[in-house]
Amino acid sequence: MTVFGCRTCEAALTVPMSRVALPVHAYQKYGNGPGSLDAVLEPGTFAVDPLPSGSPWRPWAELVAGEAEALGWYAPRFNISDGPAGQVLLAPGDVRGAVIDPALADDSACCGLDGGAPNMVCVTCGTPVATRIDDCGLWQAVWLDPRTTRVTQDGPGPHPVLDWADLIDQRPGIPPSEPNGSWHPMWPAAVATALAHLLAASGGDPVLIPDQRVAEIFRPTLDRLVGPVSTTPERTLVLAGPGLSEPAGDFALVPEHPQTGEHWPMAQPVKPVPLAWDAWRHLAFHRDPKPVGRSVPLPPEAPQALLPSYRLEPDGQIFLTVLARLPEVRQPRLRAIYDRGRPYSYSYYAF
Ligand SMILES: [Zn+2]
Ligand SMILES: [Zn+2]
């Protein structure tokens, strides 16, 4: 188990937790409320962003030659984070011994807290230690500041790392459809991330998607970004991973391990395209109910399709951020796709 504490006074600031991978939706803003989304992580887990994140922000124009690439940005941004690397993400319910300080709470958000500077202080010594986020459209989250907090106890946690076979059994993924018929917010984030990796792998060429459900999710956006017409033989995108047969395709949607962040290993020449486990597991193994043994058509009240009835719009901000971190975005064709998203402003990518 891992417990984080205050660097100043050593007081414990969290319950015992196990590390998991940083989720694709860690920084997602989804819609415009009402209210915040669920807790970003399962209870008893934490994730670390190894890269600089949060405020302060530096305008892109201030960067000197070569600095952007040294920081892992391969396409222009509106601004980039100059915040600390190694911020620790957890569910608000796992915090202990820290409280929101109203004097530090930024009141520029809509109806809650949207981050910015640390707004939670250590109860014991008053040091600002964390940032609470709960504004509308944002996942409920707390980020521990690595400058004022540190690991105080370490060891095996409450959630042991599962192997791929156990993951299949124990982590069924997140259904695309919410009870009200809309997409679960994780899906636009997961698909946006995979889409950026697919473009990087394919160089912006059109791609065939034989699996109907994978095609339903990726095809409309892909057609708009790269166009359906091709002068070269099209290459194919298939699912690959634990429990599936060897992929017969050029690109393989492989799962990202939700705890370790590892990708399902793929042998050359198949190019892997990572997809968040909770989406991959669902696409790979859930099938629409089939009328087994029926000799007559299903009546109208038959089980619904598992995908929402309206098209998935990948998350434009996440798409641009992931793509800007991939060196392939420097290829002219991908750069043109990137630039259509107007990444130099606060706007979203309108696919
Ligand atoms: Zn303290
Ligand atoms: Zn609001």
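The values are calculated or read from the model by the stated rules, or taken from the named source; none is laboratory data. Bear in mind that the values here come from a model prediction, so they are computed numbers and not experimental data. Methodologically, a virtual Cβ is constructed for each residue, glycine included, from the backbone with ideal geometry; neighbour enumeration extends over all protein chains shown. Only protein heavy atoms, including side chains, enter the accessible area calculation; ligands, DNA and RNA are left aside. Shrake-Rupley method; radii C 1.70, N 1.55, O 1.52, S 1.80 Å.
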So what is the 222 nm mean residue ellipticity for the chain from helices alone, if each DSSP H run of at least 4 adds -39500 (n - 2.57) and you divide by all residues, rounding to the nearest 500 deg cm²/dmol? -6000 deg cm²/dmol
Name the longest site-free stretch of the chain, where the excluded sites are GluC sites (Glu not before Pro) in a DSSP loop with no more than 15 other beta-carbon atoms within 10 Å. 11-233
Would you pull out the residues with amide H under 5 Å of V273's amide H, same chain only if 5 or more places away, H placed 1.01 Å from N? A252, L253, V254
Over the chain, give the accessible area per residue in Å² for a 1.4 Å probe, as an integer. 48
Which percent, to the nearest 5, of DSSP beta bridges fully inside region 1-153 are antiparallel? 85
Expected output is a single nm value to one decimal: the length gained when fully extending between D163 and E62, i.e. 0.36 nm times separation in residues minus the C-alpha distance. What is it? 31.8 nm
Restricting to the chain, compute how many DSSP beta bridges are antiparallel as a %, nearest 5. 65
Other-chain or far-sequence residues with amide H under 5 Å of L22's (modelled H): V48
In Hz, Karplus ³J(HN,Hα) per residue of region 262-272 (6.51, -1.76, 1.60; θ = phi - 60°; x = Gly, Pro): 5, 9, 4, x, 10, 7, 4, x, 5, 9, x
How large, in percent, is the carbon and sulfur part of the accessible surface of the chain at a probe radius of 1.4 Å? 57
Short version: ³J(HN,Hα) in whole Hz for each residue of region 111-119, in order, from phi by Karplus 6.51 cos²θ - 1.76 cosθ + 1.60 (θ = phi - 60°), x for Gly and Pro, what are they? 10, x, 10, 10, x, x, 8, x, 10
Please tell me the relative contact order of the chain in percent, rounded to the nearest whole number, where contacts are Cα pairs under 8 Å and at least six residues apart. 20
Only bridges whose two residues both fall in region 161-278 count here: according to DSSP, what percent of them are antiparallel, nearest 5? 15
Could you work out which residue, out of G241, G97, G204, moves most in a Gaussian network model of the chain, that is, has the largest mean-square fluctuation with Cα springs under 10 Å? G97
Comparing A252, A11, A192, which has the greatest mean-square fluctuation in the GNM of the chain with Cα pairs linked when under 10 Å apart? A11
Amide proton proximity set for L113, modelled H, under 5 Å, gap of 5+: D134, D135
Give me a comma-separated list of calculated 3J(HN,Hα) values for region 129-146, in order, Karplus coefficients 6.51, -1.76, 1.60 applied at θ = phi - 60°, integers in Hz, x for any Gly or Pro. 10, 7, 10, 8, 10, 7, 6, 4, x, 10, 6, 4, 7, 10, 10, 7, 7, x
